[in-house]
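Take a look at the structure set out below.
The values are calculated or read from the model by the stated rules, or taken from the named source; none is laboratory data. All figures in this text were calculated on a predicted structure; none of them were measured in a lab. A quick note on method: Cβ atoms are made from the backbone with ideal geometry, for glycine too, and the neighbour counts reach across all protein chains shown.
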């Protein structure tokens with residue numbers, strides 16, 4: 001299938017089929033992941049070709065949504081509703097009776113660990129909680145296919161870990177989970193099967209380890225915002241995995257380049273604790289992934 | 001049996017969508033503006049009452065004439081138009097801008113149900129915003145020691161409320177259609193409401209039948225009391241024909257809006 005907007009090709013001649021288990025959709029920002037997800041969920045109609053789920057065309061086939069759950073990337077909600085009200089309203093549209101709706105709301109909130117905040121307005125939720133409630137609405141009707149667009153974006157490390165475990169569990173239970181990210185580590189933690197996208201095309205499909213080998217040949221950049229960037233940089237001197245450290249002009253963070261990101265991430269928490277440095281944010285820009293894509297395209 | 005279950009589910013879906021839509025529509029800046037407009041209308045009613053009480057015009061005016069003028073100008077050509085324009089064009093665009101449309105489209109409900117639910121919300125909020133103003137205006141203009149006119153004209157008030165509801169439906173569905181179809185629907189709506197309808201009203205012949213206002217005015221009960229204003233309204237369509245036309249227009253606009261919602265791809269920008 002292909003999808004284009006005027007002269008711009010968003011998804012270019014992609015063919016694939018997915019069964020049970022978790023599949024990771026990996027690619028830098030602008031690769032076409034979100035467009036592909038919208039095509040898979042029938043929000044967009046392919047310009048050419050077809051998207052089918054359970055053997056049926058998805059476009060305008062609303063009955064299929066009994067079996068599909070979607071967690072959008074966009075951080076948007078009916079802000080004045082509480083988490084429980086939001087879930088209940090959406091579940092009612094699946095045709096459940098009141099009692100069943102209440103049961104499913106409780107179960108979904110429990111799964112994403114939001115029960116204590118069930119009656120709090122969504123507007124007052126933290127970024128992580130908003131991500132969780134988005135996940136809850138995707139899973140509350142127990143769909144067979146779960147499509148998760150950047151589900152770990154903006155989550156704290158504990159939240160990330162929990163969501164990763166959930167995704168893996170759903171895959172083990174025999175659900176089909178399609179999860180997108182532009183960060184290899186995230187995908188790798190959830191599945192070893194990936195679909196690598198770049199410029200609207202699928203560059204590679206298969207085992208993540210092959211991609212990992214390619215990525216390890218390129219330095220991996222990690223941005224860290226913390227309470228004492230200079231102290232942290234000093235501590236990195238002893239890190240064999242660190243290639244370079246750059247300070248940010250704002251003075252509140254630094255970017256580290258590493259060829260062994262796994263080792264780096266493994267040691268980082270201990271280092272922070274030892275030096276009593278408070279971690280505010282850690283992100284991995286996709287520059288290194290971009291380098292791999294260039295390498296693959298060549 | 002299966003049919004009645006499906007109808008029951010359909011109605012529940014419509015109500016749920018209406019509930020979600022009401023939440024979005026009501027708590028917006030539009031509501032503040034519409035409330036302000038209602039206050040303006042009530043202010044005009046108070047001015048009318050002062051004129052009546054202190055006989056500030058040379059010829060004695062009955063309350064019904066002041067009330068009729070208020071309904072024809074401030075309520076139908078002003079309040080109803082703004083309420084339906086603001087809320088109607090926002091029915092879909094608000095969800096597109098707020099990026100919440102995905103949550104509705106990812107549910108096992110047909111898109112016409114979504115449109116119907118949203119239209120129900122528009123009718124509710126429109127009624128909540130307009131009808132109390134109409135009733136309060138009536139009370140302001142009619143409450144006095146001689147209560148005879150108050151009771152005599154209650155039927156007229158009932159008819160006015162019915163006409164306002166019909167106008168809310170017709171204009172609401174039209175602006176709802178524009179909102180589902182166009183990106184800058186409010187501008188097109190403004191051009192229609194205050195450009196096209198105003199322009200065509202002064203043209204002779206058939207063209208004025210190409211406006212919603214023509215049919216609304218055709219069933220307006222105050223024609224005998226409006227004098228010059230009534231003349232400006234021009235030739236009327238038979239009231240029954242006008243009511244049927246308004247109902248048909250509402251159905252047509254709603255069906256077209258549903259079709260657009262079904263076929264259009266809404267790109268929710270990041």
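Structure summary
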{"read-out": "Residue within segment A:54-64 that is within 14 Å of residue B:105 (Cβ to Cβ) and touching a residue at least 60 places away in the same chain (Cβ under 8 Å) present", "value": "no"}
{"read-out": "Any hit, segment A:31-40, residues being within 14 Å of another protein chain (Cβ to nearest Cβ) and out of contact with any strand residue (DSSP E or B) (no Cβ under 7 Å at 6 or more places or on another chain)", "value": "yes"}
{"read-out": "Top-ranked residue in segment A:43-86 [being more than 19 Å from residue A:18 (Cα to Cα) and exposed (fewer than 14 other Cβ atoms within 10 Å of the Cβ); ranked as farthest from the other protein chains (Cβ to nearest Cβ)]", "value": "A:48"}
{"read-out": "Breaking point among (1) free of Cβ contacts under 8 Å to residues at least 40 places away in the same chain; (2) within 26 Å of residue B:10 (Cα to Cα); (3) away from chain B (no Cβ under 13 Å); (4) buried (at least 16 other Cβ atoms within 10 Å of the Cβ), for residue A:93", "value": "(3)"}
{"read-out": "Count of segment A:208-248 residues which are out of contact with any strand residue (DSSP E or B) (no Cβ under 6 Å at 6 or more places or on another chain), at pLDDT below 85 and not in a helix (DSSP H, G or I)", "value": "6"}
{"read-out": "Qualifying position, being surrounded by fewer than 13 Cβ atoms within 10 Å (Cβ to Cβ) and either at pLDDT below 90 or touching a helix residue (DSSP H, G or I) at 6+ places or on another chain (Cβ under 6 Å) (or both), among B:240, B:202, B:188", "value": "B:202"}
{"read-out": "Identity of the residue in segment A:105-155, assigned to a loop (DSSP other than H, G, I, E, B) and under 16 Å from the mean Cα position of the chain (by Cα), that ends up surrounded by the most Cβ atoms within 10 Å (Cβ to Cβ)", "value": "A:151"}
{"read-out": "Unique match (being modelled with pLDDT of 95 or more, surrounded by fewer than 17 Cβ atoms within 10 Å (Cβ to Cβ) and more than 14 Å from chain A (Cβ to nearest Cβ)) among B:43, B:88", "value": "B:43"}
{"read-out": "Condition met for residue A:81 (touching a helix residue (DSSP H, G or I) at 6+ places or on another chain (Cβ under 9 Å) and more than 21 Å from residue A:118 (Cβ to Cβ))", "value": "no"}
{"read-out": "Residue ID - nearest to the other protein chains (Cβ to nearest Cβ), chosen from residues in segment B:99-132 that are over 13 Å from the mean Cα position of the chain (by Cα) and closer than 19 Å to residue B:171 by Cβ", "value": "B:117"}
{"read-out": "Condition met for residue A:26 (within 19 Å of the chain's Cα centre (by Cα) and more than 10 Å from chain B (Cβ to nearest Cβ))", "value": "yes"}
{"read-out": "Flag for residue A:21 being closer than 25 Å to residue B:268 by Cα and more than 8 Å from chain B (Cβ to nearest Cβ)", "value": "no"}
{"read-out": "Segment B:145-166, residues that are part of a loop (DSSP other than H, G, I, E, B) and touching a residue at least 40 places away in the same chain (Cβ under 8 Å)", "value": "B:153"}
